[in-house]
Number of protein chains: 4
Amino acid sequence: MAVPKDCPAPDVVRSAYAQLAVTDLAASRWFWVDMLGFHVQCETKDALHLRGTDELTHHSLVLRQNDVAALDHISYRVRTPEDVERAARYFDALGCPVRRVPAGKGTNGVGDAVRVVDPLGFPVEFFYEIERAERLIQRYDLHRGAQIARLDHFNICTPDIPAAYEHYRGLGFGCSETIEGDEHELYAAWMFRKQTVHDVAFTGGAGPQLHHVGVATHESHQVLRTADIFGALHAEHHIERGPGRHGVSNAFYVYLRDPDGHRVEIYTSDYYTGDPDHETYRWNVHDDRRRDFWGNAVIESWYKEASPVLDLDGVPQPISATILDESAVKVGADGLG
Amino acid sequence: MAVPKDCPAPDVVRSAYAQLAVTDLAASRWFWVDMLGFHVQCETKDALHLRGTDELTHHSLVLRQNDVAALDHISYRVRTPEDVERAARYFDALGCPVRRVPAGKGTNGVGDAVRVVDPLGFPVEFFYEIERAERLIQRYDLHRGAQIARLDHFNICTPDIPAAYEHYRGLGFGCSETIEGDEHELYAAWMFRKQTVHDVAFTGGAGPQLHHVGVATHESHQVLRTADIFGALHAEHHIERGPGRHGVSNAFYVYLRDPDGHRVEIYTSDYYTGDPDHETYRWNVHDDRRRDFWGNAVIESWYKEASPVLDLDGVPQPISATILDESAVKVGADGLG
Amino acid sequence: MAVPKDCPAPDVVRSAYAQLAVTDLAASRWFWVDMLGFHVQCETKDALHLRGTDELTHHSLVLRQNDVAALDHISYRVRTPEDVERAARYFDALGCPVRRVPAGKGTNGVGDAVRVVDPLGFPVEFFYEIERAERLIQRYDLHRGAQIARLDHFNICTPDIPAAYEHYRGLGFGCSETIEGDEHELYAAWMFRKQTVHDVAFTGGAGPQLHHVGVATHESHQVLRTADIFGALHAEHHIERGPGRHGVSNAFYVYLRDPDGHRVEIYTSDYYTGDPDHETYRWNVHDDRRRDFWGNAVIESWYKEASPVLDLDGVPQPISATILDESAVKVGADGLG
Amino acid sequence: MAVPKDCPAPDVVRSAYAQLAVTDLAASRWFWVDMLGFHVQCETKDALHLRGTDELTHHSLVLRQNDVAALDHISYRVRTPEDVERAARYFDALGCPVRRVPAGKGTNGVGDAVRVVDPLGFPVEFFYEIERAERLIQRYDLHRGAQIARLDHFNICTPDIPAAYEHYRGLGFGCSETIEGDEHELYAAWMFRKQTVHDVAFTGGAGPQLHHVGVATHESHQVLRTADIFGALHAEHHIERGPGRHGVSNAFYVYLRDPDGHRVEIYTSDYYTGDPDHETYRWNVHDDRRRDFWGNAVIESWYKEASPVLDLDGVPQPISATILDESAVKVGADGLG
């Protein structure tokens, strides 16, 4: 998985959208639109294109009706039209499956794109062009439910965290935070292109699988309200973990599972990472605050369950067991790394 | 206006509801229901009965279609059925117009009531019985707009503040706060039966007029959201004053005007006043923090404009000028009284 | 435990203060003053008298240096000086140990008091007189840590919940909420005198023991901040449960344990209960939202651990096992009662 | 003021710090440290170096004791060490005064720097190297007062807004929002390098003067608390405008004046601007929501008063009157541009 010579990586701007295959679009619509407050930008017979209130492009989440629930692909926006082709050549040089998807043939609203199965086994799209969307930032009258502002990041389960780290370093990502063992073995990493804590993060676990999609709200009371409206409808089983404060990233979070079991994190408050020499902050795996700053235990399903991912032909990718299992680490004899 | 002998005052529990005459019920519905988030408990051809999300009785606000905009009456709940008749005798002894309104003849949802024109010239109702309403406290899915929790108080303009103070003392109200001049002349007073800062307050001004209805939300972000949704719809002219923090009562507030000009205060955060020896807190009229704790100037319309009030036959009451004019007092050479 | 004839119960105004025996006053000071933000009203060699920022009386919490950690007593304020003696006669008629504690002989700041061991085995004080304290409601510059506003309630573990319910009904308390089994057997109850959800609540468990002292803040972000400052100092082991939303009472809560293991609930948002016909809201014990509205599991220590209570001579009261064990009830096959 | 040929502009990362000359360092310390919650990173006899809780570099604000109150300089961090020299050549080519300030000769904590008087008459520094500082992001125990997280932007008064716009375009800044007249004449502009609404903004007014320094908190309740603590100490005259919501930028704000009259904006909530084709959002100068989304009037001093700026020798720059005067525009006949 060495970085290819003479073949520059595409200049990634940010995590742009996730496309999820769901088995009951009406149930998914209830969850993501009615409850979480995503705005429906475009609706077709078999798909919903959704965005948060602060997003100025066509969508940050696509829900596609399918027989099985899975991740179709995650997608990154790149800086120039040329970076799309650069992505194709880069992954081709890495020996990965690569498919060019011209505008109109792929996801609604997106221009020419390239889709690959990356060296970690994940379906990933790169594009530059995407339709503009009307500004809703100040349409407070339309903000409802969890009042989701924007997609923030993808969190992926992958058995070999150092390999994932190296792959994304090759793509030019910075690393804001890690969880490490006493010998600095890497349990998890948070990596970014935009000036936040992350665009992508790796959770050690059986993979390739999608751990969750992270979406941002502006303030903590919106996270609390999210949990409250699920409780109000006796739908509290959708709440898997939290609300709580992450040690890593300092985010105030709640994790929900959608009707297909896809996990979403509602998230607020991280910090600026845009300085050129931004340093990685390293958590020791024994510090019980790393996953919950208040020391609350992580529920088992959060470590053990995730969404399968599809290859470029829609076939589920095979899954390998993790190498290092953070969920088995004993905490308490802790201390910052 | 002496308290009548051998004629005990009714035992008032709390401010219960206001009935407003409005000239365009559809426009009022937009304002109070769609924007402020009042729950429609009952709707008839010419009236809306509304309540906040925490209220367990039929309504706390009635909007009645009428040719002219005015206050029909404010209404207090009393402790026992006997207190209704006690109110009738009490105001009769005071020489006030008194009318008994049997259940079914007055406002929907309310049992036997007595309506009076009190010595200050205000139309006031007393009742004990009122229909129960379904608990919505935890129906967070139905909370919208300003997420109004409950009616908190009435604020009335009356030319003679000491007379108003004495009248409500006679009715057993405590006094939580006042605004006073250097010689302790009374500019304004906040009086209560329930264990909050007030059920009724007096603003020196031409009267009898209704200054505003005060309604409570749970947290300050809901007050901010109220202002934001009006801005979002370019309906910011409904926002008259604030958001801001009152010195008096410590409430975080915003004042809005409804389509007829009726004023409402959205209000959060006051304090417990239920101890038997609760002391009055006295503000000096020269302390610029009394009306806005942050020293922001009070907009002129807030002192000068108010809603007319009707007598028991629906005729607008004549209005007298105020005796002491707080709006003309110079602030700055201040100090707590 | 029948209510005595010809011997009226004292008119209780509200839960007033708890006096806790602690084994290391300096450690307790760190927890309650530095971290939770209680204001030190009075400090002696072996005791701290604390109050919240909204409280206008001398203290709502007393920490007394002692060899063993325990509850000295909970204390209720009564409406008149005569109610103090009325309390003495009432508990005497009930056959309870009663001790008159004249002003100056008991707790600092408190006037003539009566202390009893009530029929449930709890040490309880009744008083009318208490010293006034300077108003800090708007001294925002002094609000720090958890920014505790006021004492809200006591929660006590008692083996026989119906007996506790009947005893407090005899004292004139209303009942806002209960947890009940399918046959309406009583698992827990919330009872009040002031116009909030409770002044006292009963948790089924080995008793008599003090489950927790409940203290109120104004907004949810202050509860979150409480947890954050403990995490910041790597003192997250003081956080036992939450933050979370209670189904019962609708409070947003976090439970902490002080250096002696005394439990405190930081609490915000309940609702008005002052109407004369306020109805009890009944939760079914199988509804997993009753204890956490978001369905999060209750940690075992929360049900099983509590503080011993002392008798009038400072001797720990013997403890009996609970009759009904709510912690053993299976949830999920739920539904509101 | 044409952009120089063959002389690339420095690659600016972000607004980094402001250095203010103040006349009473102790008074300034009370305002910025005790009240606003800035962390003192370094203190010398005649200067304080301050930073917000989220900042990982040595300072974002320097207060320097001086005979007159003024702006010493604003300062931008650049991407590489080479960009510092690039800045020198760029401004030299523009015909501006340029001074190289080696590490140790300038502001504490900052490495080799270049200071210029830019074509708008402002003293501006460019640097790459700056000392790291301990991470306080999660030291919630140390967050106090307004809990300032980080410097966000500078706002400068300059008579010729189009000239300012062109100058910063030449430096590679994007433009997030503008205020424009009916003929698209430019009244104000917000420009950015980091992925927020702005690093610098221009207010039409007599200039060169510093209008304000903008600093960010995480949530709106922290802005409210800022105002509350000034009210608590009867220091509300430091509050000049707000709290309120800006139309432009969507920020929730409060403006304060420090003991020398330097203005600071406490600010929360803007939006992501990092996409390569981010479009400028244009407000019509007649829309009364542009400056306050809730339609509250802008106080006159906010338009008319500002801090003088010094040249490279510490001499106050002469001030010219504005060309277009936004404060004189009539609002109300509005509509988004």
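Taking every DSSP helix (H) stretch of at least 4 residues in chain C, weighting each as -39,500 (n - 2.57) and dividing the sum by the residue count yields a mean residue ellipticity at 222 nm of -4000 deg cm²/dmol. Counted by Cβ distance under 10 Å from D:His246, the other residues give a net charge of 0, where Lys and Arg count +1 and Asp and Glu count -1. Under 5 Å from the amide H of B:Cys42 lie the amide H atoms of B:His49, each residue being 5 or more positions distant or on a separate chain, with H modelled from the backbone and absent for Pro and chain starts.
Rounded to the nearest whole Hz, the Karplus-based 3J(HN,Hα) values (6.51 cos²θ - 1.76 cosθ + 1.60, θ = phi - 60°) of the stretch A:178-191 follow the sequence 9, 10, 10, x, 5, 9, 6, 5, 8, 9, 6, 8, 10, 10, with x at glycine and proline. Between the stretch C:132-164 and the stretch C:221-299, what's the alpha-carbon centroid distance in Å? The stretch C:132-164 and the stretch C:221-299 have Cα centres spaced 13 Å from each other. The residues neighbouring C:Asp199, those whose beta-carbon lies less than 9 Å from its own, together hold a net charge of +2 under the Lys/Arg +1, Asp/Glu -1 convention. Using the Cα gyration tensor of the stretch D:219-337, with a ≥ b ≥ c the square roots of its eigenvalues, what is the shape: rounded (a/c below 1.5), prolate (a/b larger than b/c) or oblate (neither)? Rounded is the answer for the stretch D:219-337, as its axis ratio a/c remains below 1.5. Amide H contacts under 5 Å for A:Ser320: A:Gly207, restricted to partners 5 or more places along the chain or on a different chain, H placed in the peptide plane at 1.01 Å from N.
Shielding by partners for peptide A:226-235, expressed as the average number of C-beta atoms from other protein chains within 10 Å of each residue's C-beta, is 6. Only lysines eight or more places from C:Lys330 in sequence, or on another chain, were considered; those with a Cα closer than 17 Å are C:Lys304. Summing Cβ point charges (Lys, Arg +1; Asp, Glu -1) relative to the Cα centre of the stretch B:128-203 gives a dipole of roughly 640 debye. The residues of chain D expose, per residue, 33 Å² of accessible area to a 1.4 Å probe.
What percentage of the solvent-accessible surface of chain A, computed with a 1.4 Å probe over protein heavy atoms, is contributed by carbon and sulfur atoms?
Here it works out to 48 percent.
Would you mind counting up the charge near A:Ser75? Only other residues with Cβ under 9 Å from its Cβ, with Lys and Arg at +1 and Asp and Glu at -1. Net charge in that neighbourhood comes out at +1.
Hey, in the GNM for chain B with a 10 angstrom Cα cutoff, which one of B:Ala164, B:Ala306, B:Ala133 fluctuates hardest? Largest GNM mean-square fluctuation: B:Ala133. You can think of it this way: the chain between B:Glu129 and B:His234 has 33.6 nm of extra reach, that is 0.36 nm per residue less the Cα-Cα gap.
The trypsin sites (Lys or Arg not before Pro) of the stretch B:65-159 that meet both conditions, a loop assignment by DSSP and at most 12 other Cβ atoms within 10 Å of the site Cβ, are B:Lys105.
Other chains' Cβ within 10 Å of B:81-92 residues: what's the mean? Don't skip to the answer; put the middle values down first.
On the way: counts 0, 0, 1, 0, 0, 0, 0, 0, 0, 0, 0, 0.
The shielding value for this peptide is 0.
Each of A:Gln147, A:Tyr168, A:His198 was scored by the projection of its Cα onto the charge dipole of the stretch A:135-215, and the greatest displacement toward the positive side belongs to A:Gln147; charges sit on the C-beta of Lys, Arg, Asp and Glu. Charges were assigned to the Cβ only: +1 to each Lys and Arg, -1 to each Asp and Glu. The resulting dipole of the stretch C:213-290 about its Cα centre is roughly 220 debye.
Suppose R0 equals 51 Å. What FRET efficiency, 1/(1 + (r/R0)^6) with r the Cβ-Cβ distance, do A:Asp277 and D:Ala328 give to the nearest 0.05? Kindly include the intermediate steps, with their values, before the conclusion.
Numbers: r = 46 Å, r/R0 = 0.91.
Computed FRET efficiency for A:Asp277 and D:Ala328 comes out at 0.65.
Using a ≥ b ≥ c from the Cα gyration tensor of chain B (square roots of the eigenvalues), is it rounded, prolate or oblate, where a/c under 1.5 gives rounded and otherwise the larger of a/b and b/c decides, a/b for prolate? Rounded is the answer for chain B, as its axis ratio a/c remains below 1.5.
How well do other chains shield peptide B:243-250, expressed as the mean number of their Cβ atoms within 10 Å of each residue Cβ? The partial results should precede the final answer.
Working: counts 7, 6, 8, 1, 3, 0, 1, 6.
Going residue by residue through B:243-250 and averaging, the value is 4.
Exposed loop sites here mean GluC sites (Glu not before Pro) with a DSSP loop assignment and at most 10 other beta-carbon atoms within 10 Å; chain C contains its longest site-free run at C:184-337. Remark: the Cα gyration tensor places the stretch B:201-280 in the oblate category, a/c being 1.5 or greater and a/b not exceeding b/c. In a simple Cβ point-charge model (Lys, Arg +1; Asp, Glu -1; nothing else charged), the protein assembly as shown has a dipole of about 0 debye relative to its Cα centre. Across the stretch A:163-175, computed HN-Hα scalar couplings (Karplus, 6.51 cos²θ - 1.76 cosθ + 1.60, θ = phi - 60°) run 5, 5, 4, 5, 4, 6, 4, x, 7, x, 7, x, 10 Hz from first to last residue, x flagging Gly and Pro. Separation of the stretch B:34-78 and the stretch A:39-101, taken as the distance between their Cα centroids, equals 50 angstrom. Considering only D:His58, D:His49, D:His218, the Gaussian network model of chain D with Cα springs below 10 Å gives its largest mean-square fluctuation to D:His218. Report the relative contact order of the stretch A:23-67, percent, no decimals, based on alpha-carbon pairs under 8 angstrom and at least 6 residues apart. Here the relative contact order equals 35 percent.
Structure remark: mean-square fluctuation, Gaussian network model of chain D, C-alpha springs under 10 Å; the largest value among D:Ile239, D:Ile137, D:Ile319 belongs to D:Ile137.
The values are calculated or read from the model by the stated rules, or taken from the named source; none is laboratory data. The structure displayed is predicted, hence computed values, not measured ones. Counting neighbours? That spans all protein chains shown, and the Cβs are built from the backbone with ideal geometry, glycine included. Remember, those area values only see protein heavy atoms, side chains included, never the ligands or the DNA or RNA. Shrake-Rupley method; radii C 1.70, N 1.55, O 1.52, S 1.80 Å.
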